[in-house]
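Note sheet for the following structure.
Coordinate-derived values only; no laboratory data. For clarity, every value in this text was computed on a predicted model and none was experimentally measured. Every residue, glycine among them, receives a Cβ derived from its backbone with ideal geometry; neighbour counts consider all protein chains shown.
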Amino acid sequence: MNTLLPFLIFAFVSSITPGPNNIMLTSSGIRFGFVRTIPHMLGVVSGFAILLALCAAGIGSLVLALPGADMLLRVAGSAYLLYLAWQLRVMKADDAMTGQAKPMSFGAAALFQFANPKAWIMGITGAAAFLPTLQPVWLAILLFCLVFSLVNLPCLSVWTAAGAALRRYLQDVFWRRVFSVVMVLATVYAAVAIWL
């Protein structure tokens, strides 16, 4: 498979670069720590693997070919990110400690992939360029999704671990507010970048 290295590079670069999932995982790592964010990470990987399989089967291109589908994805993705930015405006570490706030669930994280325009772009582009030419086709799709997921999970873990590492430094109210502003701005930027 002479496209394996380019595919691994594509999967790594598209998974490690900032996007809605990585911003949410960093925020969750800060608020809840690494261990409590694991279901969120696994939900992202699982939901994205399903989306990849749909894209590899050609359904992703059909969905985006529907009139208004692209607009619907952008609106849903932007709306969720703006909602998230609103929630992040006051990042309270003590909310997570007292149980008032909860990390995103496995199911919610998996479903979010279908409203995440970056995930759709990654899936359609990856399937168009790197889907192996194996027979039967289901084996090619399975291999494609498996390899992408094996690259995706460590990348997501880096963002979550970074958030968890920052957690203890953000116990100070001033630095927590500064970081909260940075996260809100990054999330708003991600919402706006969907339209660029």
| Candidates Phe174, Phe106, Phe114, ranked by Gaussian network fluctuation over the chain, Cα under 10 Å, top entry | Phe174
| request: Using all C-alpha to C-alpha distances in the range 118-196, build P(r) with 5 Å bins and read off the rounded percent in each one. | output: 3, 12, 13, 16, 15, 13, 11, 8, 5, 3, 2, 0
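Over the residues of the chain, compute the C-alpha Rg and express it relative to 2.2 N^0.38 Å. Spell out each step's value before the answer.
Working: Rg = 17.3 Å, N = 196, 2.2 N^0.38 = 16.3 Å.
Ratio of Rg to 2.2 N^0.38 Å for the chain: 1.06.
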| GNM on the chain, C-alpha springs below 10 Å: top fluctuator among Leu166, Leu66, Leu153? | Leu66
| field | Longest segment of the chain lacking trypsin sites (Lys or Arg not before Pro) that sit in a DSSP loop with at most 14 other Cβ atoms within 10 Å | value | 93-196
| query | By how many degrees, between 0 and 90 and to the nearest 10, does the Cα long axis of helix 117-130 differ from the longest principal axis of the chain? | reply | 30 degrees
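Neighbouring Cβ atoms within 10 Å as the yardstick, rank Val158, Val151, Val182 fewest first. Don't skip to the end; give the middle numbers.
Numbers: Val158 14, Val151 19, Val182 11.
Fewest to most other Cβ atoms nearby, the residues stand as Val182, Val158, Val151.
Give, rounded to the nearest 20 debye, the magnitude of the charge dipole that the range 4-193 has about its Cα centre when Lys and Arg contribute +1 at Cβ and Asp and Glu contribute -1 at Cβ. Each step should come with its number before you reach the end.
Values: 11 positive and 4 negative charges, 96 e Å.
The calculation lands at about 460 debye.
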| task | Find the relative contact order for the range 4-193 and round it to a whole percent, using C-alpha pairs within less than 8 Å whose residues are 6+ positions apart. | result | 46 percent
| Residue order, fewest to most beta carbons within 10 Å, for Phe179, Phe12 | Phe12, Phe179
